[in-house]
């Protein structure tokens, strides 16, 4: 909520059991352009403040039933009224009375008899300070909203890309994970709130036992040569299954060039690796097919071409006609078998979900 009220339009509450003092304060404040509400007793002032909080309170110390210190203490204990500046206006000028006033939450202390200019100046200063605090609170709330929006957008982007971020403090080996990083590493069910650092050992426990030593060696090597960071891939145990992740990290340095923390990303690359494996298998099959086409198919094909030429020779190159035809048929059958094998391999190559 924005607070744009001009200090000259502020509402001042005056609390004093002496009617003459209330009249003097009212005349001074109204002349200065303030709206004034008056109360001769502290209890009445508190009830009125709860209904319509003023912008500032001028409070006498010595009053019957409930003195000024008690009134101020009660106001400061109420969340809705605690930020209202209270200026004590009292005939008590000793140090103890002033210290007591500030201890109970007062922002200022004016001793009677007072000068109007002095009181008005103090009122103006404290109203401006309150407005400044409110503006700072508004700005902070606005920045908090922006941070929440950006954090939400970042989390959504990480979910879409199936990638998470993390930050590791090197001094204590505590690692802070984004929401998606926790999901990827199988730590989403942890009762620790998101973005609360956890021991690095919890992260390491999720790594497949066969890859844990490699990851540890990679990490130790990176710490000793921190300027280059590192990138690695390994398996993670997650929900009774195994996934592949890609981890990439860089180091933040202090003013002396020493590493303070590591910042990185973690991405689930299981699907990508599955696709790459399938592509590698397909490439092997395609190479086999290409070799078959260039070598295996050539032999029966050349033989067939030679036999066809023999048919044009009336002497059949010393072979009987039936013998030539039988050889042609055998070569054609061999070629057909090779082509069928190529076709079978090609069909298997593009069957979805098939793996070695």
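The values are calculated or read from the model by the stated rules, or taken from the named source; none is laboratory data. Everything quoted here is computed from the prediction, not taken from an experiment. Please note: Cβ atoms are built from the backbone with ideal geometry, for glycine as well, and neighbour counts cover all protein chains shown.
So the values come out like this:
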| item | result |
| --- | --- |
| Test: residue in the range 2-14 that is assigned to a helix (DSSP H, G or I) and surrounded by 21 or more Cβ atoms within 10 Å (Cβ to Cβ) | no |
| Hey, residue 172 in the same structural domain as residue 239 (by TED's automatic domain parsing), under 17 Å from residue 219 (Cα atoms) and either modelled with pLDDT under 85 or part of a loop (DSSP other than H, G, I, E, B) (or both) or not | yes |
| Qualifying residue in the range 223-232 (condition: surrounded by fewer than 12 Cβ atoms within 10 Å (Cβ to Cβ) and within 20 Å of residue 210 (Cα to Cα)) | no |
| Answer residue from the range 204-224, given it is in a helix (DSSP H, G or I) and touching a strand residue (DSSP E or B) at 6+ places or on another chain (Cβ under 6 Å) and is farthest from residue 182 (Cα to Cα) among those | 222 |
| Lone unmet requirement of (1) under 27 Å from residue 150 (Cα atoms); (2) free of Cβ contacts under 8 Å to residues at least 24 places away in the same chain; (3) not in a strand (DSSP E or B) for residue 180 | (2) |
| Residue 297, sole failed condition from (1) over 24 Å from the mean Cα position of the chain (by Cα); (2) modelled with pLDDT of 90 or more | (2) |
| Qualifying residue in the range 87-102 (condition: surrounded by 17 or more Cβ atoms within 10 Å (Cβ to Cβ), under 22 Å from residue 51 (Cβ atoms) and either touching a residue at least 12 places away in the same chain (Cβ under 8 Å) or under 38 Å from the mean Cα position of the chain (by Cα) (or both)) | yes |
| Selected residue (criterion: modelled with the highest pLDDT) from residues of the range 259-281 that are assigned to a helix (DSSP H, G or I) and in contact with a strand residue (DSSP E or B) (Cβ under 7 Å, 6 or more places away or on another chain) | 270 |
| Residue 188 vs. criteria closer than 29 Å to residue 148 by Cα, in the same structural domain as residue 261 (by TED's automatic domain parsing) and free of Cβ contacts under 8 Å to residues at least 24 places away in the same chain | yes |
